[in-house]
Amino acid sequence: MDQLVLDAFDAAALIPGFSAPQLPHELPDRPTLDAADHAMRHWTSTVNGPLTPGSDVHRREMCRMFRETFNPYRPSVLAWPPLEAATLKRIVELPIWDIAVQTEGRARLRMAAYAATRDDPDLRDALALNAWEENRHKEVLSRMVHAYGIALASEPPYVYPTDTERAYLVTGYSECIDSFFAFGLFEVARRSGLFPPELTETFEPVMQEECRHILLFANWVAWHRARLSWWQRIRFEIKVVGVWAFLVWERIGLARAMDAEGNVHEHDNNFTVNGAQSVSDADISVPELMQLCLQENDRRFAGYDSRLLRPETMPWLVRFGLKFVRKRK
């Protein structure tokens, strides 16, 4: 499947034996929604003792967590509330929609491509479900931009990666970075009152799913790393360093994307870092936003078994940076 070019599709369908979850045809009642929301946010393993990275128990439980915290919401029955003219204008002008839709399109393919290379059925199914959920995120975004008349550039074809492991690492670490800041920005938007509560409520399951995604990714990295021989470990760490270097480079300045007609579009790839003023009229400083990101990151992970590893790089970097901000003040 080298260099296979794929248009819009459910990427998880590439994985033999994967069955898409059954979703409700109508919006469930409030008790059902609340139960699914609680189950998505809270999970504790029934296994006693540590979940040692590299062990079969660790692999089995991180995959079980992902399956058992699945939220069966259906994008086609999500309610998109009417917006006041000023709010609609603010949403339409956010410089994120093209790159957000295309990012989800790439993520679903990269995760499905890596899942298809795995022999272990638990891991393959968890990664396939992750790809399926990325496809659902893309559908949510597509339906939202249609509901509010947001114009998007035509999507480029999605190219099957030649190095599926590197592609999965790029997507996983990218989500770890973007989700950390998105958690804080989403809370800023909620507190600001600029957007109807119904709109933030509609997007809330998507935000928590991103938390589950990076929880699975962080535990996969630790599990995978622990099972490598010393020479495989060196090769893997070189690949990880290269991925981080690429992500840092990608976030310097503007991201350039090509649409289906070959036209170049530039997007602010750092919106998750500097977009607070776009979702709030309040004057929030960068240190205040970073503190909020840390709080929201901790809150969203709080309900999951503490023996599962959390993404650590962004929280550590932000806490380290805030020490110098306080000293300068």
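Every number here is computed from the coordinates shown, using simple stated rules; none is lab data. Just so it is clear, the structure is predicted and the values come from calculations on it, not from any experiment. Cβ atoms come from the backbone with ideal geometry, glycine included; neighbour counts cover every protein chain shown.
Between A20 and A226, the simple label model (points 7 Å from Cα in the Cβ direction) yields a spacing of 3.5 nm.
The charge dipole of region 167-207, taken about its Cα centre with unit charges on the Cβ of Lys, Arg, Asp and Glu (plus for the first two, minus for the last two), comes to roughly 120 debye.
Just subtract the alpha-carbon distance of R299 and R64 from 0.36 nm times their residue separation and send over the number in nm, one decimal. Before the final figure, lay out each step's value.
Working: separation 235, 0.36 × 235 = 84.60 nm, distance 2.14 nm.
Computed gain between R299 and R64 is 82.5 nm.
Taking a ≥ b ≥ c as the square roots of the eigenvalues of the Cα gyration tensor, region 1-156 is classed as oblate, since a/c reaches at least 1.5 and a/b does not exceed b/c.
Around the amide H of W43, modelled in the peptide plane, lie the amide H atoms of Y304, D305, all under 5 Å away and 5 or more residues distant in sequence or on another chain.
Would you mind ranking F181, F18 by Cβ crowding within 10 Å, fewest neighbours first? The partial results should precede the final answer.
Working: F181 24, F18 19.
Arranged by neighbour count, lowest to highest, F181, F18 become F18, F181.
Structural descriptor for the chain: relative contact order 26 percent, calculated from alpha carbon pairs under 8 angstrom and at least 6 residues apart. A P(r) calculated from all alpha carbon pairs of region 85-242, with 5 Å bins opening at zero, reads 1, 8, 16, 20, 18, 14, 9, 7, 4, 2, 1, 0 percent. Assuming a ≥ b ≥ c are the square roots of the Cα gyration tensor eigenvalues, decide whether the chain counts as rounded (a/c under 1.5), prolate (otherwise, with a/b larger than b/c) or oblate. Rounded shape, in that the Cα axes give a/c under 1.5.
Close amide H pairs (under 5 Å, H built 1.01 Å from N) link V159 with L6, residues at least 5 positions away or on another chain.
Site pair T52 and A151 shows an inter-label distance of 6.0 nm when each label is modelled 7 Å from Cα along Cα→Cβ. Label sites at A39 and K239, each approximated as a point 7 angstrom past Cα along Cα to Cβ, lie 3.4 nm apart.
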